[in-house]
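Colleague: This is the structure I have questions about; it appears just below.
The values are calculated or read from the model by the stated rules, or taken from the named source; none is laboratory data. Computed from a predicted structure; not experimentally measured. Don't worry about glycine lacking a Cβ; one is built from the backbone with ideal geometry, like all the others, and counts go over all protein chains shown. Surface accessibility is based on the protein's heavy atoms, side chains included, excluding ligands, DNA and RNA. Shrake-Rupley method; radii C 1.70, N 1.55, O 1.52, S 1.80 Å.
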Amino acid sequence: MTEAPTEAWARAYAAQARSDWQVYKALQFEARQSACHELHFLQMACEKIAKAYRLRDDSVPLEKIRTEHVGCDKFLKNYLKSSEAREFYRGRPKQLEAATPKLVQLMKQIQALCPAIDSVACPTNVEYPWEDGSGRVIAPCEHRFLAPDLTTAQARTLLKIIERALERF
C-alpha cells in the first residue's frame, strides 16, 4: 500500500526538523561560531516542524505549505491548544493561557530570522547579508543578534515545547 503524498511530506519535514534541531543543539556548545548559525538551525527546525504539523490539515494545499516560509506562530498557537501542550502544563491551565501570547511572540521573532519573511521592513536575518539604512552591507556572522533572547525562562519553555513537538510528531 502506498502512502498519501502529504503524509510522506509531513514525515520528511519532521525528520529534517529533528536533524536541524540536533545541529542547533550541537552549536549551542560551540563557542567559536557566530550566533547566526545556531539561530539559523533553530529557525529552520521551527519552520519545518510547523510545516509537518500543518500538513496534517487536509484543507491546506501541499504546494502552499512547501513554498511558504511563514506559519511557525500559527503552528504554535494550535499546538498550545493540543493535548500534548496541556499535558506539558498539566494542572496549570491558567499558566498556559497567560504564557501563550509571550510564547507566540517569541516564535514570531524566531520566524522573522528567515530572510524570506520581510526583507524590506526587517532585513536582519541569519542566512544572507543585508544592507542597513546607511548603505553598509552586513554579514550575519558579523552581526550581534539581540532578539530573540533565548536565555529567558519563557524562551527555555518555548524550546522545551518545540523539542516535545519534534519528539512526538
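Colleague: For the chain, what does the helix formula give at 222 nm: sum of -39500 (n - 2.57) over DSSP H segments with n ≥ 4, over the residue count, nearest 500 deg cm²/dmol? Intermediate results must be reported in sequence, preceding the final value.
Modeller: Numbers: 7 runs with 98 residues, N = 169.
Calculated mean residue ellipticity at 222 nm is -18500 deg cm²/dmol.
Colleague: Moving on to the next point. Inverting the mean 1/r over all pairs of different Cα atoms, compute the Kirkwood radius of the chain and quote it in Å. List each step's numbers first, then the result.
Modeller: Working: mean 1/r = 0.0593 Å⁻¹.
Value: 16.9 Å, from the Cα pair sum.
Colleague: Okay, moving on. Where in segment 1-64 are there GluC sites (Glu not before Pro) that are in a DSSP coil and have at most 12 other Cβ atoms within 10 angstrom of their Cβ? Please list the in-between numbers first.
Modeller: Numbers: sites: 3, 7, 30, 38, 47, 63; in loops: 3, 30.
Those that pass, being in a loop and sparsely packed, are 3, 30.
Colleague: To continue, here is another question. Here is the link list: 25/74; 51/102; 77/160; 51/74; 25/160. Which ones come out longer than 18 Å on Cα distance? Walk me through the intermediate numbers first.
Modeller: Numbers: 25/74 24 Å; 51/102 21 Å; 77/160 15 Å; 51/74 10 Å; 25/160 12 Å.
As for pairs spanning more than 18 Å Cα to Cα, those are 25/74; 51/102.
Colleague: Then there's this: Over all directions, average the projected area of the Cα convex hull of segment 5-78 and note it in nm². Don't skip to the answer; put the middle values down first.
Modeller: Details: hull surface 19.9 nm².
So the Cα hull casts an average projection of 5.0 nm².
Colleague: Rounded to the nearest 20 debye, what is the charge dipole size of segment 98-159 about its Cα centre when +1 sits on each Lys and Arg Cβ and -1 on each Asp and Glu Cβ?
Modeller: Numbers: 5 positive and 6 negative charges, 62 e Å.
Result for segment 98-159 is approximately 300 debye, rounded to the nearest 20.
Colleague: Measuring with a 1.4 Å probe in the full set of protein chains, what accessible area per residue, in whole Å², belongs to segment 17-102? Each step should come with its number before you reach the end.
Modeller: Details: 4920 Å² over 86 residues.
Result: 57 Å² per residue.
Colleague: How far apart, in nm, are the 7 Å Cα→Cβ label points at residue 83 and residue 15?
Modeller: 2.7 nm
Colleague: Could I ask something else about it? What is the Cα centroid distance between segment 29-61 and segment 88-140, reported in whole angstrom?
Modeller: Taking the Cα centre of each part, segment 29-61 and segment 88-140 sit 12 Å apart.
Colleague: Roughly how many debye, to the nearest 20, is the charge dipole of the chain about its Cα centre, given +1 on each Lys and Arg Cβ, -1 on each Asp and Glu Cβ, and no other charges? Write out the running numbers ahead of the final one.
Modeller: Numbers: 25 positive and 22 negative charges, 151 e Å.
For this selection, approximately 720 debye.
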